[in-house]
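Notes follow once the structure below has been shown.
The values are calculated or read from the model by the stated rules, or taken from the named source; none is laboratory data. Remember, predicted model here, so these are calculated numbers, not experimental data. Methodologically, a virtual Cβ is constructed for each residue, glycine included, from the backbone with ideal geometry; neighbour enumeration extends over all protein chains shown.
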Amino acid sequence: MPVISTILNTNTELYNYLNDVNYGMSKPQFNHLSSIVNGLINIKGNKTISTIAQGILTAKDRSSIYKFLSSSKWDDSLLNTNRINYINYYVKNNVLIIP
């Protein structure tokens with residue numbers, strides 16, 4: 001069965017959010033992360049690295065995503081900490097809680 005690639009439009013809000021929680025990844029690293037997250041959200045069916053790589057126009061080669069995940073130097077715990085801090089900041093400054 002032939003593999004059909006899906007052209008995914010990067011969601012601007014998602015891209016901006018990822019950029020806000022980014023702690024200093026290089027541009028290629030950030031692009032890989034953005035592509036993977038977009039693929040996880042937008043691709044239907046089984047979500048594997050292969051299906052994400054096949055379904056993303058910018059993923060020229062599946063091995064680039066595998067290499068990013070397996071050997072790229074990035075700190076997932078720092079990214080997660082920034083994500084939590086961003087959510088706390090957003091809730092504190094944008095959500096009105098009425099007692």
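A few remarks follow.
- Matching residues, region 62-99, being farther than 17 Å from Lys27 by Cα and part of a loop (DSSP other than H, G, I, E, B): Val95, Leu96, Ile97, Ile98, Pro99
- Pairs, first closer than 17 Å to Trp74 by Cβ in region 30-48, second modelled with pLDDT of 85 or more and buried (at least 17 other Cβ atoms within 10 Å of the Cβ), C-beta under 7 Å, six or more apart: none
- Matching residues in region 42-60 - criterion: being surrounded by 11 or more Cβ atoms within 10 Å (Cβ to Cβ) and modelled with pLDDT of 75 or more: Asn42, Ile43, Lys47, Thr48, Ile49, Ser50, Thr51, Ile52, Ala53, Gln54
- The residues on offer are Ser63, Ser71, and the sole one that is farther than 24 Å from Glu13 by Cβ, hydroxyl-bearing (Ser, Thr, Tyr) and at pLDDT 80 or above is Ser71.
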